[in-house]
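As structure tokens, the structure follows; a few thoughts come after it.
The values are calculated or read from the model by the stated rules, or taken from the named source; none is laboratory data. The structure displayed is predicted, hence computed values, not measured ones. Neighbour counts run over all protein chains shown; Cβ positions are idealised from the backbone, glycine included. We work out accessible area using only protein heavy atoms, side chains counted, and drop any ligands, DNA or RNA first. Shrake-Rupley method; radii C 1.70, N 1.55, O 1.52, S 1.80 Å.
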Amino acid sequence: MSEKECPCCLCDEHSFMSRKEVSDHLGIHILTVTNYVKDGYLPEYLVGAKTVRYKVSDVNNLIQKRSANA
């Protein structure tokens, strides 16, 4: 499978994730992602009038922080 066919959205070519992708990747409810943003744990980026995306690196940093606090 080539990088362009990568379904995971976690490779370097795909540096942003949707809210749904973040929730699926972290195994949390989609509203928890919203709460992480409100609480300052995860920055979000507006890429259109109503489209929000999250950097893969920010999601990975959140995973590291969560595992360090566990």
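Thr32 sits among other residues whose Cβ lies under 11 Å from its own Cβ, and their net charge, with Lys and Arg +1 and Asp and Glu -1, is +1.
The alpha carbons of the stretch 19-70 occupy a box of 37, 18, 18 Å along the principal axes, longest dimension given first. The accessible-area ordering, largest first, of the residues Tyr45, Tyr54 stands as Tyr45, Tyr54, per a 1.4 angstrom probe.
Under the combined filter of DSSP loop state and at most 11 neighbouring Cβ atoms within 10 Å, the stretch 32-70 retains these trypsin sites (Lys or Arg not before Pro): Lys50.
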